[in-house]
Amino acid sequence: MAFIASGVNAFNLDNLKAVYQPEKGDIGRFVVSKGEVKFISDPDGAWRLYRQPNTTRVAGSGWGEFYIGGDPSFGTVDGDLAAAHVINRRTREQMAVFHGRVDPSAFADELALAGKFYNLATIAVEIQGGGLACVERLRHIYPRIYQRRT
């Protein structure tokens, strides 16, 4: 949707509209219940879930492996919203999105819950702005954080 909504399009707009199939998804939040992360419907939640993770893993196939990209905000009342996308590594499908006003440390908690829900997804966070605080919190609560090699 971002490629369709922005002012200058890098992709042909007619081609994008031809393949874009909007879905409502399920609005909610991630919670820990009996030591396991679960998604619960909540109209006030900041997550929109499109697909559940597949729990069946096939060695070497990438099935059930996910990436999460996060862009934290400073959590201010009138600033940008924090955003995240969960992508299936094999199918490249968008599995879930986060869009909400939350401080960087709380955003790290949200990303960690989503990462655990999606089979210990690899999480990559924008380090500008509130990103360093988010990454620092993630380092203490989550095992799979993307690190740039340069």
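Within the range 25-43, can you find the residues that are open to solvent by 60 Å² or more (accessible area, probe 1.4 Å) and without any contact (Cβ under 8 Å) to a residue 12 or more places away in the chain?
Of everything in the range 25-43, those that are open to solvent by 60 Å² or more (accessible area, probe 1.4 Å) and without any contact (Cβ under 8 Å) to a residue 12 or more places away in the chain turn out to be Lys34, Gly35, Glu36.
For Ala18, are the conditions met, namely being at pLDDT 80 or above and open to solvent by less than 40 Å² (accessible area, probe 1.4 Å)?
It is false that Ala18 is at pLDDT 80 or above and open to solvent by less than 40 Å² (accessible area, probe 1.4 Å).
If a residue has to be touching a Lys or Arg at 6+ places or on another chain (Cβ under 9 Å) and either small (Gly, Ala, Ser) or assigned to a helix (DSSP H, G or I) (or both) to count, how many in the range 97-110 make the cut?
7
Name the residues in the range 77-113 that are within 13 Å of Tyr67 (Cβ to Cβ), of a type in the set (A, V, I, L, M, F, W, C) and open to solvent by 30 Å² or more (accessible area, probe 1.4 Å), would you?
Ile87
Identify, by number, the condition in (1) under 18 Å from the mean Cα position of the chain (by Cα); (2) of a type in the set (Ser, Thr, Tyr); (3) modelled with pLDDT under 95 that Thr76 doesn't meet.
(1)
Show the residue pairs that are 6+ apart or on different chains and have beta-carbon atoms under 7 Å apart, the first residue being within the range 1-24 and outside any loop (DSSP other than H, G, I, E, B), the second being modelled with pLDDT of 80 or more.
Ile4/Leu13; Ile4/Lys17
Residue check, Ile123 against (1) at pLDDT below 95; (2) under 30 Å from Val19 (Cα atoms), all met but one. Which one?
Tallying (1) at pLDDT below 95; (2) under 30 Å from Val19 (Cα atoms), Ile123 fails exactly one: (1).
Could you please find all residues in the range 33-54 being among the small types (Gly, Ala, Ser) and closer than 18 Å to Leu111 by Cβ?
Hits for the range 33-54 are Gly45, Ala46.
Restricting the search to the range 114-138, which residues are open to solvent by less than 40 Å² (accessible area, probe 1.4 Å) and assigned to a helix (DSSP H, G or I)?
Ala114, Gly115, Phe117, Gly131, Cys134, Val135, Leu138
The values are calculated or read from the model by the stated rules, or taken from the named source; none is laboratory data. Note that the structure is a prediction, hence the values are computed from the model and not measured. Backbone-built Cβ (ideal geometry, glycine too); neighbour counts: all protein chains shown. With ligands, DNA and RNA removed, areas are computed over all heavy atoms of the protein, side chains included. Shrake-Rupley method; radii C 1.70, N 1.55, O 1.52, S 1.80 Å.
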